[in-house]
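Visitor: The following block contains the structure, expressed as structure tokens.
The values are calculated or read from the model by the stated rules, or taken from the named source; none is laboratory data. Since the structure is predicted, the reported quantities are computational estimates derived from the model, not experimental observations. Backbone-built Cβ (ideal geometry, glycine too); neighbour counts: all protein chains shown. Accessible surface is based on the protein model in full, side chains and every heavy atom, while ligands, DNA and RNA are left aside. Shrake-Rupley method; radii C 1.70, N 1.55, O 1.52, S 1.80 Å.
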Amino acid sequence: RKDANDQHNPLLRALAVRTMGCIRLEQMTEYLLEPLRRSCKDTDPYVRKTASICVAKLFDINRELVEDQGFIEILRDMLSDSNPMVVANSVAALCEISACSGRNYLQLNEDVISKLLPALNECTEWGQVFILDALAMYDPPNSTVARTILERAVNVRLSHANSAVVLSAIKVMMKFMDRIQIAEEVRKLCKKMTPPLVTLLSAEPEIQYVVLRNIALIVQRQPQILQGEIRMFVCKYNDPLYVKLDKISVMVQLASEKNIDQILSEFEEYASEVDIECVRQSVRAIGHCAIKLGRAAERCVDCLLKLIKTKVNYVVQEAMVVIRDIFRKYPGKYEVILADLCENLDSLDEPEAKGAMIWIIGEYAERIDNSPDLLEYYLESFHEEAPMVQLQLLTATVKLCLKSPANAGALVQKVLKSATDESNNPDLRDRGYMYWRMLSKNPEMAKQVVLSERPTISDDSFSLQPRLLDRLVTNISTLASVYHQLPETFITDKGQEPEEDSEAELEDGADTENIVREMERRRRTGETYVEESGGEESDGGSAASSSSGGGGGGGGAGPGGNQDGSQPAPPLRPLAMVLAEQTPGQRGATGLRVAAAVVRGRGGAIGMQIKVGNFADRPLSGWAVQFNKNPFGLAPAGSMLQLPEVAPNGGTAQTLLNITPNSQNQQSGQPPGNPLYLEVAIKTNLDIFYLSIGYDLSAVLMDGGPVAQAEFQQTWQQVPAERKARVLGQFQQRITPDMLIPRMRQYYMYPVTQMAGQAADLLYFSATTVNRINIFFELSLQRGATGVQLVCCSDAPPIVPIFQSFLQEVLRVRWQGGPPE
């Protein structure tokens, strides 16, 4: 404290304050307050900039003290400082404090921005990064403000020597582009971003890797960027493997009909590399190009055939998997290559490659003359094969039996006996019994099920869901953009230390009433539940049943198919963390982590995947669940969660809770909000925890087909034009009605009729929620281009903006002016 008051040496004063801020003891904070307050108003800028960072350190030790003593207001005043480094450090401190507390202390507006822009031109490169990152958090009120900020201070940063400054400037530009609605201006901004990105690709391998990971996000948002710069992504002989793999991925994203020949030539050359992983990635990339570009698919297939003829083991196996996907995308189109594929049976020893070849044999059994012999070749080692190969063998043999009963009678008996009587795999055994029952009782039904027409696949390998992409773009130049994961999935909030757990168990009696009262209190007071932290990021990825082997109460309609038994589309909100272990429950106890997702299953059943982790120091048991009232009347099929006792210090378990829709006792009578979420309480022997679980509209749409065409036409004509919401948008690529309709069906939106206009195809759809709200809409697809127009109406108008946002995610379309509010 004495050194902090030294009147002659500012360096000594700054070092004294910095040292005191590094003493992380709460007992020391009161001795730091007055020296820190004086340092914030010191005459020397070096002392002031050091003090601003010290405020953030003090906030990390004692948040309430910093707020009560007015240091937040002091930091805001320091944004007007005459020294640019003081301004930059104040911005950095306020951003750090805001991130730690979950509150916006920076509070950017046009007045604050006007103070930051002059400092941006004068401070050091790291100060520029701090200010640019703060600008990326600002939401301009209109396109004029966005253009002004970009022209005054951001565009010039694209030529900076520091790669961090360049990427931060690009992040601001990507954010502000959403506010600029003139397509020509957006195109000019994209053109300005191309040279700095190309320059960064000539830097050290580590910087190249970071830039490539960021480019993978940028080109998903603005595909026109770098389309003419394919040469910059050509792999060099001395590139590290991690750089080569990402270059190949970006080249697939940039592939178009104009540059596909150049890209295929590169991939074919990479397939002769000595690095096996690079070779496999190149072969996979050729397959992605074939699926992505229909007109170039034949050239991609020819390229794959050349690679197969090299007879290199791992090339042939990877090509076999890729060709299976091409057959699924273009059924009945490339059967001429079947003979070449069948010549390579002996070289297949990896389970995925074997499974792909067996699928091809079963799918085209009637076109392959010796298909029974080929399947019998694999059946000789049936019990030694991997489970996925056994399942494919079983299905392929049944397909052969249904297509050519005379040639496969003995073969199907053999494989069904091996699958049911001689196998310990429950999946294989259950499928075997199902096929056996269908073949013996109703062969026609077996044909309808096994030989049914499947929807074609699309190439989504490098596509992120829109909500996740939007959040990752706002995190360009950070670790999140390198991992392609949201920050909260790999950064743990330090928060407060867990308190001692109460030994008293929660009483069972009257708990339900208390929980309901608490949930209603939170609703009335506006108190927020735990925020959904995972976005679309998967937590474990699997929708498996719980470790206890049980689902939630109800009819056992787990995820797995629609009403016709086909596999349902993946939910737009996959399993994501909704409760962190640091979050306290009703009594203050901590230690429960929850990941959850609302999913659809066979017959349109609604369920909730729940995965729990126990980070307390004692076992968790006594699981129960309660939903708050909601617009769609969603209620758990049973109050008990079928979870076992979960071991302490990291034990996990998961389950599927069946949900009953349109329950009268659960109707809130309120219109649905955007985004949709369920308020949930989970009770354990430790405490009662409150959380919110986001879900998309497909979770509450009925699996009942379209309304009658006459009813649709009558309603559509009666609704006046001013009650129909109209919005224009752009697809990422050209979409045809044949591509659109299967995906709409997957998400419970059903075509009513279709018409051909002068320059567009008009498609009319209907969808109905579980509480009988009808949504009628028209999609106009621009022929030969990527334009689309949505016109929709509903008997419940508040659901229209929710539906627009939902359709944006389903179709990966960008509405003009950003997503609907």
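Visitor: Just the number: Rg to Rh for region 316-385, Cα atoms, Kirkwood Rh, two decimals.
Guide: Details: Rg = 11.4 Å, Rh = 12.2 Å.
Using Cα coordinates only, the ratio equals 0.93.
Visitor: Could you pull out the trypsin sites (Lys or Arg not before Pro) across region 233-275 that fall in loop regions by DSSP (anything but H, G, I, E, B) with no more than 15 other Cβ atoms inside 10 Å?
Guide: Sites meeting the loop and neighbour criteria: LYS236, LYS258.
Visitor: Mean shadow of region 299-455, computed from the convex hull of its alpha carbons, in nm²?
Guide: The orientation-averaged projected area of the Cα hull of region 299-455 comes to 8.9 nm².
Visitor: In addition: Roughly how many debye, to the nearest 20, is the charge dipole of the chain about its Cα centre, given +1 on each Lys and Arg Cβ, -1 on each Asp and Glu Cβ, and no other charges?
Guide: 2160
Visitor: Follow-up question, since we're still on this one. How large is the translational diffusion coefficient of region 274-333 in µm² per second when you combine the Kirkwood radius over alpha carbon pairs with Stokes-Einstein at 10 °C and 1.306 mPa s?
Guide: 140
Visitor: Rounded to a whole number, what % of the accessible area of the chain do carbon and sulfur atoms account for, probe 1.4 Å?
Guide: Values: 18120 of 37160 Å².
The nonpolar share, carbon plus sulfur, comes to 49 percent.
Visitor: Right, here's the next one. Roughly how many debye, to the nearest 20, is the charge dipole of region 664-821 about its Cα centre, given +1 on each Lys and Arg Cβ, -1 on each Asp and Glu Cβ, and no other charges? Walk me through the numbers on the way to the answer.
Guide: Numbers: 11 positive and 12 negative charges, 69 e Å.
Magnitude of the dipole: close to 320 debye.
Visitor: Label GLU30 and LEU762 with points 7 Å out from Cα along Cα→Cβ: what is the distance between them in nm?
Guide: With each label point 7 Å from Cα toward Cβ, the separation is 7.8 nm.
Visitor: Run down the lysines and flag those whose C-alpha is under 29 Å from the C-alpha of LYS171, throwing out any fewer than 8 positions away in its chain.
Guide: Straight-distance partners of LYS171: LYS49, LYS57, LYS115, LYS188, LYS191, LYS192, LYS236, LYS244, LYS247, LYS258, LYS292, LYS494.
Visitor: Further question on the same structure: Kindly work out what percent of the DSSP beta bridges joining two residues of the chain are antiparallel, to the nearest 5.
Guide: Roughly 95 percent of the beta bridges in the chain run antiparallel, per DSSP.
Visitor: Starting from the Cα coordinates of region 397-488, work out the convex hull volume and express it per residue in Å³.
Guide: 177
Visitor: Using the alpha-carbon centroid of each, what span in Å lies between region 325-386 and region 616-670?
Guide: The distance from the Cα centre of region 325-386 to that of region 616-670 comes to 45 Å.
Visitor: Roughly what would the spin-label model give for LYS417 and ASP60, points 7 Å off Cα along C-beta, in nm?
Guide: With each label point 7 Å from Cα toward Cβ, the separation is 7.1 nm.
Visitor: Given the C-alpha centroids of region 152-197 and region 246-295, what is the distance between them in whole angstrom?
Guide: 28
Visitor: Report, in deg cm²/dmol and to the nearest 500, the calculated mean residue ellipticity at 222 nm for the chain, where each DSSP H run with n ≥ 4 adds -39500 (n - 2.57) and the sum is divided by the residue count.
Guide: Roughly -14000 deg cm²/dmol at 222 nm, from the helical runs in the chain.
Visitor: What residue among LEU411, LEU94, PRO223 has its Cα farthest toward the positive end of the dipole of the chain, where the charges are +1 on Lys, Arg and -1 on Asp, Glu, each on the Cβ?
Guide: In the chain, that residue is PRO223.
Visitor: I've got another one for you. For region 399-459 and region 11-71, write down the distance between their C-alpha centroids in whole Å.
Guide: So the two Cα centres are separated by 73 Å.
Visitor: Also, quick follow-up: Using a Förster distance of 22 Å, how high is the FRET efficiency between TYR314 and TYR377, based on the Cβ-Cβ distance and rounded to 0.05?
Guide: It comes out at approximately 0.55.
Visitor: OK, next. What shape does region 57-163 have by the C-alpha gyration tensor, where a ≥ b ≥ c are the square roots of the eigenvalues, rounded means a/c under 1.5, and otherwise prolate means a/b greater than b/c and oblate the rest?
Guide: Judged from the Cα gyration tensor, region 57-163 comes out prolate (a/c at least 1.5, a/b above b/c).
Visitor: At R0 = 60 Å, how high is the FRET efficiency between GLU453 and ASN121 if r is their beta carbon distance? Nearest 0.05 is fine.
Guide: Calculated transfer efficiency: 0.45.
Visitor: Kirkwood Rh over Cα pairs of region 200-271 into Stokes-Einstein at 4 °C, 1.567 mPa s: D in µm²/s?
Guide: This corresponds to a translational diffusion coefficient of 105 µm²/s.
Visitor: Over region 586-730, with a single point scatterer placed on each C-alpha, what log10 of the ratio I(q)/I(0) does the Debye formula yield at q = 0.17, 0.19, 0.20 1/Å?
Guide: Computed log10 I(q)/I(0) values: -1.01, -1.18, -1.25.
Visitor: Extending each Cα 7 Å along its Cβ direction at ARG37 and TYR483, get the distance between those two points in nm, one decimal.
Guide: Using points 7 Å along Cα→Cβ, the separation is 4.0 nm.
Visitor: Please calculate how many Å² of accessible area the chain carries per residue, with a 1.4 Å probe and no DNA, RNA or ligand atoms counted.
Guide: With all protein chains present, the chain gives 45 Å² per residue.
Visitor: With an 8 Å cut-off on Cα pairs and a minimum separation of 6 or more residues, tell me the relative contact order of the chain in percent.
Guide: Numbers: 1360 pairs, mean separation 53.2, N = 821.
In percent, rounded to a whole number, it is 6.
Visitor: What is the Cα radius of gyration of region 384-438 over 2.2 N^0.38 Å, N being its residue count?
Guide: Computed over Cα atoms of region 384-438, the ratio equals 1.03.
Visitor: List the relative contact order of region 599-744 as a percent without decimals, with contacts defined as Cα pairs under 8 Å and 6+ residues apart.
Guide: Computed value for region 599-744: 23 percent relative contact order.
Visitor: Follow-up. Grab the alpha carbons of region 148-187, take their convex hull, and tell me the volume per residue in Å³.
Guide: 64
Visitor: Explain nothing, just the number: dipole magnitude of region 1-145 about its Cα centre with +1 on each Lys and Arg Cβ and -1 on each Asp and Glu Cβ, in debye rounded to the nearest 20.
Guide: So the dipole magnitude of region 1-145 works out to roughly 380 debye.
Visitor: Here's something else I'd like to know. Please compute the alpha carbon radius of gyration of region 142-214, then divide it by the globular-protein estimate 2.2 N^0.38 Å. Two decimals is fine.
Guide: 1.12
Visitor: What is the ratio of the Cα radius of gyration of region 103-178 to 2.2 N^0.38 Å, where N is its residue count, to two decimals?
Guide: 1.00
Visitor: Roughly how large, in nm² to one decimal, is the mean projection of the convex hull of the alpha-carbon atoms in the chain?
Guide: Mean projected area for the chain: 39.5 nm², to one decimal.
Visitor: When the gyration tensor of region 675-740 is built from Cα positions, what are the square roots of 5 times its three eigenvalues, in whole Å, from largest to smallest?
Guide: Values for region 675-740, descending: 38, 19, 15 Å.
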